[in-house]
Amino acid sequence: MQPGDSDADRVRTTTLEAFADTIIPGAKRSPQDRAIAGVATGAGAVVAGAVELLEMPAAGVAAGLDYLAQAANGHAQAYAAEQGLTLDDDVPAFVALPYEHRAAVIQRLTARDNPERDGWVLLALFSNMAFDLAPHRNTAEAIADGHPGLSAMGFAPPNDDGLWRFPDYSYGRPLANLHPDTIPSGSLG
């Protein structure tokens, strides 16, 4: 969040962060962090850039994020009332839920019989993608910056020239002969 962001922006961002953190948990960014529940060590989906990925126009979900954040908080309020939980009014309802209750709400939202399921599944998928693939980042830069998901998976850095070349074939043999016009970069000349 940036200074001057509106209350609505803060509610939206922290709610989306709490949702992403429930999908791939991470450690709190600071002791005051309420969006990240802090149930895991290391960085999770939020630090990996889940909200950044969701907000990219190419992801195709940016237009629906305001609604989804508002709806997540509505579902959290209904769940809290059903469970007899008192929520802290200082943060959005979904953020105020303890981790295990956030997970229960998401389980309901992504259930096969939920008519709203598609939007919630997309939020969960993009949270996973931000961590596992970093599609919103240049891969070489993400690796150099220590992207948490790519680091956790041991994603190999590029060669010194920024390209990936693998001296051993994954199947133990080449799958095809190189085209005779292939140049050292791997492109056709």
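The values are calculated or read from the model by the stated rules, or taken from the named source; none is laboratory data. A quick note: this is a predicted structure, and the numbers were derived from the prediction, not measured. Here the Cβ positions follow ideal geometry from the backbone for every residue, glycine too, while neighbour counts run over all protein chains shown. Accessible surface is based on the protein model in full, side chains and every heavy atom, while ligands, DNA and RNA are left aside. Shrake-Rupley method; radii C 1.70, N 1.55, O 1.52, S 1.80 Å.
Residue 111 meets each of the listed conditions (1) within 19 Å of the chain's Cα centre (by Cα); (2) open to solvent by less than 40 Å² (accessible area, probe 1.4 Å); (3) among the hydrophobic types (A, V, I, L, M, F, W, C) apart from (1).
From the list 142, 130, the one residue that fits, being under 25 Å from residue 54 (Cβ atoms), in contact with a helix residue (DSSP H, G or I) (Cβ under 9 Å, 6 or more places away or on another chain), of a type in the set (A, V, I, L, M) and touching a residue at least 24 places away in the same chain (Cβ under 8 Å), is 130. Among the residues of segment 137-146, just one is assigned to a loop (DSSP other than H, G, I, E, B) and among the small types (Gly, Ala, Ser), namely 146.
Scanning segment 56-79 for residues that are in contact (Cβ under 8 Å) with a residue 40 or more places away in the chain and open to solvent by less than 60 Å² (accessible area, probe 1.4 Å) gives 59, 61, 64, 65, 68, 69, 71, 72, 73. Just one residue in the set 39, 51 is part of a loop (DSSP other than H, G, I, E, B), of a type in the set (A, V, I, L, M, F, W, C), surrounded by 14 or more Cβ atoms within 10 Å (Cβ to Cβ) and modelled with pLDDT of 95 or more; that residue is 39.
With respect to residue 182, is the statement that it is open to solvent by less than 80 Å² (accessible area, probe 1.4 Å), farther than 26 Å from residue 61 by Cα and either out of contact with any Lys or Arg (no Cβ under 6 Å at 6 or more places or on another chain) or not acidic (Asp, Glu) (or both) true? Yes, satisfied.
Residue 134 passes every criterion in (1) within 15 Å of residue 24 (Cβ to Cβ); (2) of a type outside the set (Ser, Thr, Tyr); (3) assigned to a helix (DSSP H, G or I) apart from (3). Evaluating residue 173 against the criteria (1) part of a loop (DSSP other than H, G, I, E, B); (2) within 24 Å of the chain's Cα centre (by Cα) leaves one unmet condition, (2). Can you find a residue that is out of contact with any Ser or Thr (no Cβ under 9 Å at 6 or more places or on another chain), farther than 20 Å from residue 56 by Cα and outside any helix (DSSP H, G or I) anywhere in segment 115-131? Within segment 115-131, one or more residues are out of contact with any Ser or Thr (no Cβ under 9 Å at 6 or more places or on another chain), farther than 20 Å from residue 56 by Cα and outside any helix (DSSP H, G or I).
Of the candidates 141, 82, 100, the single residue that is under 18 Å from residue 40 (Cβ atoms) and open to solvent by 80 Å² or more (accessible area, probe 1.4 Å) is 100.
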